[in-house]
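The values are calculated or read from the model by the stated rules, or taken from the named source; none is laboratory data. Keep in mind that what you see is a predicted model, and the values were worked out from it rather than measured. Positions of Cβ are generated from backbone atoms using ideal geometry, with glycine treated the same way; all protein chains shown enter the neighbour counts.
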Amino acid sequence: MDIHNKDFKRSFRGYNEDEIDDFLDKVVNDYEKLFRENDRLKEELARAKKDNEQYQQLEQNLKDTLLVAQKTAEEVTSNARKNAEETRDNTAKECANKLQEAEMKAEKIIADAKNKAQAIVEEYDRLVREKNTFLRKIKVTLESELAVIDETMKQIPDPEKEEREKNAMGTQAEALQKAVSEHQAVPYEAKELAEDDKQEG
């Protein structure tokens with residue numbers, strides 16, 4: 001609206017008002033497009049930040065799950081050994097069987113936990129790669145849009161600079177015209193002096 005409502009001062013032999021208005025309308029339209037595109041990019045960046053927070057929360061959840069699985073495996077092994085020690089007095093064979101069974105269960109739980117942890121790590125790596133790819137795309141898009149904005153700003157004319165150049169050219173033209181007038185006046189004055197001397201003689 002500031003660009004659209006800009007009011008320039010009128011001067012003799014100034015610019016064409018219709019051309020200025022048409023140009024300002026084009027500038028307003030282009031600027032409005034860039035402004036809306038900038039808002040869209042800001043929204044995409046906000047969504048990217050939100051996704052990044054979700055990725056970080058997922059990472060923490062995966063770490064917590066792995067920790068719980070390890071603790072569960074340790075508790076099962078500890079409980080199995082405790083039970084084995086309590087029944088050791090009954091029969092050595094029964095104790096050995098229970099211990100072996102407990103160890104097998106513990107190994108299975110540990111193996112399952114490792115497999116789950118590996119799957120979690122792979123999923124986390126995949127999410128990180130997707131996040132990095134998405135952020136790089138956002139960065140490239142933002143840099144491209146900023147370059148377009150900079151180029152557009154360079155193409156917008158500077159009315160004050162053009163007015164200064166115009167005034168400078170006018171001053172030079174006046175100085176040149178004055179010099180030419182003075183140069184032409186010298187022979188005429190010399191001619192008058194010669195005629196006066198002739199009359200006096």
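Some points to look at:
- Number of the condition not met by LEU45 [criteria: (1) modelled with pLDDT under 85; (2) within 32 Å of the chain's Cα centre (by Cα); (3) among the aliphatic types (A, V, I, L, M)]: (1)
- Restricting the stretch 107-138 to residues that are surrounded by 12 or more Cβ atoms within 10 Å (Cβ to Cβ) and of a type in the set (Lys, Arg), the residue that is nearest to the chain's Cα centre (by Cα): LYS137
- Cβ separations smaller than 8 Å between residues 6+ apart or across chains give the following pairs from the stretch 48-70 residues that are closer than 15 Å to ALA113 by Cβ and in contact (Cβ under 8 Å) with a residue 60 or more places away in the chain to residues that are aromatic (Phe, Trp, Tyr) and part of a helix (DSSP H, G or I): LEU62/TYR124.
- Meets criteria (assigned to a helix (DSSP H, G or I), surrounded by 11 or more Cβ atoms within 10 Å (Cβ to Cβ) and within 23 Å of the chain's Cα centre (by Cα)) for LEU34: yes
- Hits in the stretch 17-34 (condition: β-branched (Val, Ile, Thr) and free of Cβ contacts under 8 Å to residues at least 40 places away in the same chain): ILE20, VAL28
- With respect to the conditions (1) assigned to a helix (DSSP H, G or I); (2) modelled with pLDDT under 85, ASN90 falls short on a single one, namely (1).
- Test for ARG129: is it out of contact with any Lys or Arg (no Cβ under 8 Å at 6 or more places or on another chain) and under 30 Å from ALA46 (Cα atoms): yes
- Close pairs from the stretch 124-144: first touching a residue at least 40 places away in the same chain (Cβ under 8 Å), partner in a helix (DSSP H, G or I) and of a type in the set (Phe, Trp, Tyr), Cβ under 7 Å, at least 6 apart: LEU127/TYR55; LYS131/TYR55
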